[in-house]
Each structure stands twice: as structure tokens, then as C-alpha cells.
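Have a look at the structure below, then the notes.
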Amino acid sequence: PTSPIYSPTMMASRTSRSAKSLKRFFSTRTPIVGGNWKLNAGNGMTTATIDELVKDLNDSKTPSCEMFICPPTLYLERVQNSAASHLAVCAQNIYSEPKGAFTGETSGDMLLDMGIKWSLIGHSERRDVFGESDELLGAKIAHAQSIGLNVVPCIGEHKEEREAGKTMDVLIPQLQAISNNVSDWSKIVIAYEPVWAIGT
């Protein structure tokens with residue numbers, strides 16, 4: 001069996017000696033900010049509200065961080081064609097196969113053909129609402145790696161798990177599913193979003 005990426009004991013023992021190196025790393029790393037629109041189109045559900053939102057983003061001050069935005073799949077190409085160059089357009093999900101009889105799914109290969117170079121994978125709503133497993137999410141990551149698509153794998157625990165002291169029991173398997181399928185970490189940005197914090 002594969003060993004976990006880390007354990008609470010390992011983390012505690014490494015904390016003191018790694019604090020300085022972590023501080024150096026984060027002081028030089030460009031922050032990344034992402035906005036997931038979920039199944040929304042700005043303040044409404046029309047192309048007009050999408051256009052208004054993109055215009056506002058384009059007109060805002062160029063940020064000192066990397067930014068990606070994740071519109072609904074229907075609007076990906078529209079946003080890609082109108083977003084400013086400092087805004088990376090990101091899909092909300094992909095499937096683990098490039099094509100086939102997978103009704104309703106999104107192909108990473110087709111995203112790249114459209115100029116979309118990013119996708120979320122494993123958002124808590126994909127796990128909770130659609131029942132996606134770590135195994136499937138790992139397969140999605142493996143496929144994304146094989147075609148050179150940048151991926152934002154999402155991890156996070158529920159409030160009940162946090163209050164029960166089980167945060168690491170939840171996060172370690174999620175991280176392991178990611179790590180087992182990554183060959184190029186330069187195309188991976190892990191997003192830690194506790195489920196209990198969404199919307200706060």
C-alpha cells in the first residue's frame with residue numbers, strides 16, 4: 001500500500017524546522033485567487049449578465065496576483081473570448097476520458113482546443129451532490145496530466161468532521177488521491193476550501 005503524503009505526527013515534528021523555509025516560499029510565491037461562479041451567470045442567468053460581469057472584471061485594476069474565473073460550461077467560450085489577458089478562464093469540471101458516450105460531461109481535450117487551459121476537479125459539490133469518489137477524481141487528474149491541462153484539485157472537510165477532530169482523516173486520503181496521479185506538479189494548484197466555510 002502507498003504511504004500517506006503526511007500524517008499529523010509528521011507535520012508536528014517538521015513544523016519547527018520547516019517554518020523558516022515555508023516563510024521564504026510563501027514570501028516569493030505569487031498568490032493565486034480563483035472565482036467559481038458555480039451555476040450562476042453574474043447576478044442573473046443570461047448572456048447579458050455574463051458580459052456585464054466580465055466587463056467589470058476587465059475594467060478593474062490589474063491584480064498583483066494570478067487570477068482565474070470559472071463560469072458555467074455553457075459560457076466558457078464566451079468568457080474566454082472577452083476576458084482580459086490577466087484573467088485565466090477555468091472550467092468547473094472535466095471527465096476522465098477525452099470523448100465517448102458520456103452524456104453531460106466535459107472533455108479536457110476539447111477545453112484545450114477551445115483555449116481553456118484550467119479546470120477545477122473534485123469540488124465538494126461534485127463529491128457531495130454528484131457522489132464523485134477519490135478514485136474518479138484521481139482518474140480525472142491523471143487524464144488532465146496526460147494532456148497538459150492545468151488543474152485545481154479541491155479538498156476540504158465538513159463542519160461535523162472538523163468538530164470531531166477528523167480533519168486530517170478526511171484531507172489525507174483526498175491529498176493521496178491527487179498525489180498518486182500527478183507527474184507534473186507545475187500544473188497543479190491545490191485549493192483547500194473547508195465545506196463549512198463556503199459562503200462565509
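The values are calculated or read from the model by the stated rules, or taken from the named source; none is laboratory data. Every value quoted in this text rests on a predicted model; they were computed, and no experiment measured them. Methodologically, a virtual Cβ is constructed for each residue, glycine included, from the backbone with ideal geometry; neighbour enumeration extends over all protein chains shown. Accessible surface is based on the protein model in full, side chains and every heavy atom, while ligands, DNA and RNA are left aside. Shrake-Rupley method; radii C 1.70, N 1.55, O 1.52, S 1.80 Å.
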- Item | J(HN,Hα) series, region 94-110, from Karplus relation 6.51 cos²θ - 1.76 cosθ + 1.60, nearest Hz, glycine and proline x | 9, 9, 8, 10, x, 6, x, 7, 10, 4, x, 8, 10, 8, x, 4, 5
- Could you tell me which of T106, T62, I94 has its Cα farthest along the dipole of region 51-146 towards the positive end, charges placed at Cβ (Lys, Arg +1; Asp, Glu -1), taken about the Cα centre? T62
- Inverse of <1/r> over all distinct C-alpha pairs of region 35-144, i.e. the Kirkwood Rh in Å, gives 14.7 Å
- Item | Nearest-10 value in Å² for the accessible area of K159, using the 1.4 Å probe | 110 Å²
- For the chain, modelled as a GNM with alpha-carbon contacts under 10 angstrom, which of V151, V182, V89 fluctuates the most? V182
- Assuming R0 = 22 Å, can you tell me the calculated FRET efficiency for the pair E160 and I198, based on Cβ-Cβ distance, to the nearest 0.05? 0.95
- Query: Expressed as a whole number of Å, what is the distance separating the alpha-carbon centroids of region 93-140 and region 52-80?
  - Reply: 21 Å
- Task: With the convex hull built on the Cα atoms of the chain, state its orientation-averaged projected area in nm².
- Result: 13.3 nm²
- Message: I want to check the label-to-label distance for S60 and E135. Put each point 7 Å from Cα in the C-beta direction and report it in nm to one decimal.
- Response: 4.1 nm
